[in-house]
Number of protein chains: 2
Amino acid sequence: MVFDPSSLSYDANGLIPVVAQDHATGEVLMVAWMNKDAVMLTLATGKVTYWSRSRAAFWVKGETSGHTQRLMDLRIDCDRDCLLVLVEQVGPACHTNRKSCFYTALRDGAEVELTAPIA
Amino acid sequence: MVFDPSSLSYDANGLIPVVAQDHATGEVLMVAWMNKDAVMLTLATGKVTYWSRSRAAFWVKGETSGHTQRLMDLRIDCDRDCLLVLVEQVGPACHTNRKSCFYTALRDGAEVELTAPIA
């Protein structure tokens, strides 16, 4: 079946959540959002491109920081309302300069930071 | 810092997206949603409990199917608007009887199913 980005289930704002996972290590790096055009741009360019909700603009990941995500594979979930992108992550994915945005864990009811920013 | 579920950033519907990942294999299993009470229930019981948007009710994963998710670790992202739960998944996570909901991939612009339902 030929893939049609219009066939995905977008929310009321025209967005779909996207999980980015390191294709080599399996580490979950971040979650962000795409609209239909961002899905099409990501597929056309191979550069993972989100929709920035705060800036209301396309967000070619790493365009300014250099911390790009090259698309290795794109997966669609059973309800077609979420995407998983397997990426080759250059440098840290997180704006705090950590590999993953999910660096805070709970231990005995308290928050602990698992990783420090990359020097 | 003691964790306060109220400190998370919920959307206009009071929900936060949650990525469930197999703690042993790193496979991304599904994405669903929690509200504040579902976060508290998940932590209190160790049984991953979502908020079903379609049923507008708590959804103790696997309560009817037996395909439970035992919480092994909970991670918070940098913006505090997304969670990652590392789980021990019993049986398939997907309602289609596949381990992961992300069983559809794109190959040369077409959708292909990577896995079949578990017999």
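The values are calculated or read from the model by the stated rules, or taken from the named source; none is laboratory data. Note that the structure is predicted; figures quoted are calculated from it, not measured. We place every Cβ from the backbone using ideal geometry, glycine too, and count neighbours over all the protein chains shown. Note: accessible area is taken over every heavy atom of the protein model, side chains too, but ligands, DNA and RNA are not part of it. Shrake-Rupley method; radii C 1.70, N 1.55, O 1.52, S 1.80 Å.
Can you tell me the 0 to 90 degree angle between the C-alpha axis of helix B:36-45 and the longest principal axis of chain B, rounded to 10?
80 degrees
Where does each of B:Ile118, A:Ile76 land when they are ordered by accessible area, with a 1.4 Å probe and the largest first? Mind dumping the intermediate values first?
On the way: B:Ile118 85, A:Ile76 0 Å².
From most exposed to least exposed: B:Ile118, A:Ile76.
Taking only pairs that are 8 or more places apart or on different chains, how many Lys pairs in the protein assembly as shown have Cα atoms under 28 angstrom apart?
So the count of such lysine pairs works out to 15.
Sum up the charges of everything whose Cβ sits under 13 Å from the Cβ of B:Arg53, counting Lys and Arg as +1 and Asp and Glu as -1, but leave B:Arg53 out. Intermediate values should be presented prior to the final figure.
On the way: positive: B:Arg55; negative: A:Asp11, A:Asp79, A:Asp81, B:Asp11.
Value of the local net charge: -3.
When only the heavy atoms of the protein chains count and the probe is 1.4 Å, how do A:Thr49, A:Thr25, A:Thr115 rank by accessible area, highest first? Write down the numbers at each step before the final one.
Values: A:Thr49 5, A:Thr25 95, A:Thr115 70 Å².
The most accessible residue leads, giving A:Thr25, A:Thr115, A:Thr49.
What figure, in Å² to the nearest 10, do you get for the accessible area of A:Ser52 with a 1.4 Å probe and non-protein molecules left out?
Accessible area, nearest 10 Å²: 10 Å².
Pop a pseudo-label 7 angstrom from the Cα along the beta-carbon direction at both A:Val2 and B:Asn13 and give the gap in nm to one decimal.
3.2 nm
Residues with amide H under 5 Å of A:Met72's amide H, sequence separation 5 or more or different chain, H placed in the peptide plane at 1.01 Å from N; which?
Hits under the 5 Å cutoff: A:Leu86, A:Val87, A:Glu88.
Hey, what does the equivalent ellipsoid look like for the range A:39-119, semi-axes from the Cα gyration tensor as sqrt of 5 times each eigenvalue, largest first, whole Å?
Working: eigenvalues 128, 60, 31 Å².
Listed largest to smallest, the semi-axes of the range A:39-119 are 25, 17, 13 Å.
What is the calculated FRET efficiency for B:Glu63 to A:Glu63, with r their C-beta to C-beta distance and R₀ = 41 Å, to the nearest 0.05? Can you show the working numbers first?
On the way: r = 44 Å, r/R0 = 1.08.
The formula returns an efficiency of 0.40 here.
Could you give the nm distance between label points at B:Asp37 and B:Thr25, where each point is 7 Å from its Cα heading toward the beta carbon?
3.4 nm
Tell me the relative contact order for chain B as a rounded percent, counting alpha carbon contacts under 8 Å between residues six or more apart. Working shown, then result.
On the way: 223 pairs, mean separation 26.8, N = 119.
Contact order relative to length: 23 percent.
Keeping all protein chains in position, work out how much accessible area B:Leu15 exposes to a 1.4 Å probe, and write it in Å² to the nearest 10.
So the heavy atoms of B:Leu15 present about 10 Å² to solvent.
The range B:53-94 to the range A:14-48: how many Å between their Cα centroids?
21 Å
Give the chain B residue with the shortest beta-carbon distance to the rotation axis relating chain B to chain A, plus that distance as a whole number of Å.
B:Gly26, 2
Between A:Arg107 and B:Ser52, what's the calculated FRET efficiency when r is the beta-carbon distance and R0 is 25 Å? Round to 0.05. Write down the numbers at each step before the final one.
Values: r = 29 Å, r/R0 = 1.16.
So the FRET efficiency works out to roughly 0.30.
For the protein assembly as shown, what is the mean residue ellipticity at 222 nm derived from helices alone (per DSSP H run of n ≥ 4: -39500 (n - 2.57); sum divided by total residues; nearest 500 deg cm²/dmol)? The partial results should precede the final answer.
Values: 2 runs with 20 residues, N = 238.
Result for the protein assembly as shown: -2500 deg cm²/dmol, rounded to the nearest 500.
For A:Met72, tell me the accessible area in Å² from a 1.4 Å probe, rounded to the nearest 10.
About 80 Å², rounded to the nearest 10.
Considering only the label points, 7 Å along Cα→Cβ from Cα, what distances in nm to one decimal separate B:Ala56 from the same position in each other copy, shortest first?
So the distances to the same position in the other copies read 3.0 nm.
Ignoring the sites themselves, what is the longest stretch of chain B with no trypsin sites (Lys or Arg not before Pro) in a DSSP loop and at most 15 other beta-carbon atoms within 10 Å? Show your work: numbers first, answer last.
On the way: sites that count: B:Arg53, B:Arg55, B:Arg80.
Between the exposed loop sites, the longest stretch runs B:1-52.
Could you give me D for the protein assembly as shown, from Stokes-Einstein at 25 °C and 0.890 mPa s, where the hydrodynamic radius is the Kirkwood radius over C-alpha pairs? Units µm² s⁻¹, please.
Taking Rh from Cα pairs, D becomes 135 µm²/s.
If Lys and Arg each add +1 and Asp and Glu each add -1, what is the summed charge of the other residues whose beta carbon sits under 12 Å from the beta carbon of B:Asp4?
Working: positive: B:Lys36, B:Arg80; negative: A:Glu111.
Computed value for this residue: +1.
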